[in-house]
Every structure is written in structure tokens, then in C-alpha cells.
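Read the structure below first, then the notes.
The values are calculated or read from the model by the stated rules, or taken from the named source; none is laboratory data. As the structure is a computational prediction, the values presented were derived from the model and not from experiment. Neighbour counts run over all protein chains shown; Cβ positions are idealised from the backbone, glycine included.
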Amino acid sequence: MRLSAQTPLPASVQAPGYDRERQAAGIVHIGIGAFHRAHQAVYTDDAMNAGDRDWGIIGMSLRSGDVAAQLNLQDGLYTVSTRSAAGSELRLIGAVQKVLVAADDPQAVIDAIAAPTTHIVSFTVTEKGYLRRPDGSLDLAAAVGSASLYRFIAAGLAARKAAGLRGVTLLSCDNLAGNGAVLRRLMREYLAAYQPDLSAWFDGECTCPATMIDRIVPATTEADRADVEAMLGVRDEGVVVTEAFSQWVIEDNFAGPRPRWEMVGAELVADVAPYETAKLRMLNGAHSALAYIGLGSGHALVHQAIADPAIRPLIDRLMREEAAPTIDAAPGQDLAAYADALLDRFANPALHHRLIQIAMDGSQKIPQRWLETLAWHRVRGQCCPSLEAAIAAWIAFLRSDHPIDDPLAGKLREAAAGPDAMERLFGDGGLIASEWRPA
């Protein structure tokens, strides 16, 4: 038996407090993976529980039908298992109404974006999903492909314009520095090349707020599904596992209506940059360092790596002495307390967060997670021993037998193989574009 709207829930499982059948879909989310389901969808579920209406989510997968297969047979329902050393809690999320697969029905995706009830199109497509060239510009050839978010957004926006509808908020929830500005620039490059008649309308009607998203969401395992099945009495193929901590900081720059996310824990601010920079350089930078150093030391999980007395001091120094000084903190933003909290979160033994999961797409992550910090210190004549150790560990990872899940996998292995690996990776004309260059 699969989870469905008819499943009787144990009293210990929190269920939606609103009538799902009476909610219109106000959000189309592209890239509906585990992170979105444990983060933005939970905030939206909370907002509807607090009285907001018509903010149901239509999920969209660009390529894979896996999430559609998980959720559509369950009426869009799934559970979130929140785990800590003190135990676990299970909650049913009702915000997602259905999941579309662009490869199977592209017109349905366009129609969802063009629907009069849609006000927000949001994204978690990972860094590589933005199809940027090494210099940061849009890869125009890739952007017209069948798995391009730009193709679908442009078609949906064109349909809205033709119908006399307002524009939408395009809300990037990915770990990109200045994600809102990056999305706007790339979208404008696409329109200038392929739909120039839409450019002025896009500029006047659509906004792209910056965001910072933070919650640790390991990949769901078969053991996780079995644990939840034992609690529910039915099978939930869409369960996601996460920690208790969650943070969402959003630039208050919307093109139209939005859920009252700030009433349920999100922060609406004028400037996201200090929070985003801290997250990228401290949390994400430390996570990537843990992944490569930890794997090189024989560890498989984050909490194992941070417990290693040879690794924890490196991570502590990376956050406090190398990353934190580069951040222009917002009023009340305590970076020392943030580092303390991150170390505690990394050490959570209830979250089996695999290092190899964090290690994927290194070429897309390392510039904003490590190299911007290194460049800041280089200008001041300072060294970063922890980040230098992390880079050495990444090169060792590229030379190892570990599988490399990265869009540049073949080129990375080739560049890392020789004695001039640093220059071929980071030097002038190297694979990784950055202001930082090795000495």
C-alpha cells in the first residue's frame, strides 16, 4: 500500500490543516528534488496552515521522472522525517499537488507557468542547471536544449504576455552567489538571443529576488523508507530526511502576490548578500572541504569526518579564521555563533549525510565556496592553510578511484593527472574561472 490522501495517519504525525482540494496552484517549482521538499515546500505548507490560500505547488522535473513516480501516485503527498540526537519527528506535507516531467509533456509545463493562478516560478536545479560557460555567460547552445529551464520559462512568459497577464517572480533557491542577479542576467541573455520581442516585457514585469537557503538534506536511503513505512503502516516513496535547523532569507522584491513566508520563519530583507556569503563560504565551503578531506581519510559520512581530530581543527579554522573575515556581516549577524552552530550540525549522528553526495559537481561549487575567500586573502598577502589543504584533497580525489559526478569529469581527471595540476585547474586559461590564481 502507498501513502495517499485516504491514508489514516498515526496521531504522532502532523498533517496539513487546510483543505488541499480547495487550493489553487500559485507556484511552479523547477527541480523538485529532496531539498525543495524539505525546505521551500515546508515553508509553503506552513503558510497555508497559517491561513494563506492558493499557494499549492506544481513540481517540474527537467529530465528524470523519478520524483513524479514517487509523488503522483501518492496524490502529491510525502513525509518529512526530522532527525536529531534526541529522536525523530514525522510530518505530512500537502503543498505539492503534482509533478510534471518536461521530457514527457513539455506543453503541460509551459501551460503551468502561463496559468493565471501562477505568481512564482522557483528553482533548485543546482549550479550546473544554469548552463553557464566558464566565464559566467550563458551557454546559448545548451540553453535551447530540451532540458533547459530557459526554454520553458521563455515559452511560459510569452504565453502570459499574449494573454495579457502579469509577469511572475523567478525565485532561484540555489547556492549561487547573487543568485537572483545571475538568473536575471542569464535569462536576459537567452531572450536577447532567441526571443528579443519578450525582453522589454520581461524587464518590466518580472523580478528575480536573491535568496539564501540552508538546511541539510541527505539523500534518502532504502532504510529511511523502511523506517517511515513502519511508522505509517504504508509505503512513502517520496520521504525526505532532514535536520531540525532551517533558514530562508529572501530579498523582498516580488512581481506580484506571494505567501506570507515571513510569518512562518523566513526572513524578508533588503539585502541577502551577507547571509548568502556567510552560507557559501562558511557552511558550503566547510562542507566541500569535509567531503574531499574526509573521503581521503577513509570516512563516508559527515559526522564521522567532523569527529576526526585531524580534520575538525581544519574545518574550525576554515570557518573562523579564513572565511569569516571576508564577510561584511549584517547588523546582528553573529558569525562566531554561526560557526559554533555549524559544527554542532555537522556532528549530528542521526543524519547520515554522505560525503560523496557533497563531493559532486566540485567544478561548479569551488569558485564561490573556496576561491573567493582565497582571493580576498591573497590581496592582503595572507595564506589559508585549511583551504589549501582542501584544494590538495580535491586534486587527490580527482586522481583517486572515486566516481566523479561533475559536468567536467573527464577534463578534471585529465587536468589533475600531471604535476602541473594546479596550473591546469586554476591558472590562466585553466578549467576553473576565478580571480584567484595559485602562487
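Cβ-Cβ contacts under 6 Å between residues 6 or more apart (or on different chains), taken from a first residue in the range 152-167 that is small (Gly, Ala, Ser) to a second residue that is part of a helix (DSSP H, G or I), are listed as ALA155/ILE110; GLY156/ILE110; GLY156/ILE113; GLY156/ALA114; ALA158/LEU198; ALA159/ALA114; GLY167/GLU205. Can MET212 be described as surrounded by 18 or more Cβ atoms within 10 Å (Cβ to Cβ), at pLDDT 95 or above and under 23 Å from LEU342 (Cβ atoms)? Against the criterion (surrounded by 18 or more Cβ atoms within 10 Å (Cβ to Cβ), at pLDDT 95 or above and under 23 Å from LEU342 (Cβ atoms)), MET212 qualifies. Do we have TYR338 as of a type in the set (Phe, Trp, Tyr) and farther than 24 Å from MET360 by Cα here? Here the answer is yes, as TYR338 does meet what is asked.
Does the range 247-268 contain at least one residue that is closer than 30 Å to GLY204 by Cβ, among the aromatic types (Phe, Trp, Tyr), more than 19 Å from the chain's Cα centre (by Cα) and not assigned by TED's automatic domain parsing to the domain that holds ALA337?
yes
Restricting attention to the range 303-328, the residues being surrounded by fewer than 18 Cβ atoms within 10 Å (Cβ to Cβ) and of a type in the set (A, V, I, L, M, F, W, C) number 2. Checking each residue of the range 259-275 against the condition of being closer than 30 Å to GLN6 by Cα, in contact with a strand residue (DSSP E or B) (Cβ under 9 Å, 6 or more places away or on another chain) and crowded, with 18+ Cβ neighbours inside 10 Å gives at least one match. Among the residues making up the range 133-159, those that are under 21 Å from GLU435 (Cβ atoms) and either modelled with pLDDT under 95 or among the small types (Gly, Ala, Ser) (or both) are ARG133, PRO134, ASP135, GLY136, SER137.
Of all the criteria given as (1) touching a residue at least 24 places away in the same chain (Cβ under 8 Å); (2) farther than 25 Å from GLN23 by Cβ, the one not satisfied by ASP139 is (1). When the range 96-108 is filtered for residues that are free of Cβ contacts under 8 Å to residues at least 60 places away in the same chain, touching a Phe, Trp or Tyr at 6+ places or on another chain (Cβ under 8 Å) and crowded, with 21+ Cβ neighbours inside 10 Å, only ALA102 remains.
Inside the range 420-436, residues that are assigned to a loop (DSSP other than H, G, I, E, B), over 19 Å from GLU127 (Cα atoms) and either touching a residue at least 24 places away in the same chain (Cβ under 8 Å) or among the hydrophobic types (A, V, I, L, M, F, W, C) (or both) make up a count of 1. The helices (runs of 4 or more DSSP H) found wholly in the range 115-197 and carrying at least 1 residues that are of a type in the set (Asp, Glu) occupy 179-194. Among the helices (runs of 4 or more DSSP H) confined to the range 1-87, the ones with at least 1 residues that are closer than 20 Å to GLY129 by Cβ and without any contact (Cβ under 8 Å) to a residue 12 or more places away in the chain are located at 66-71.
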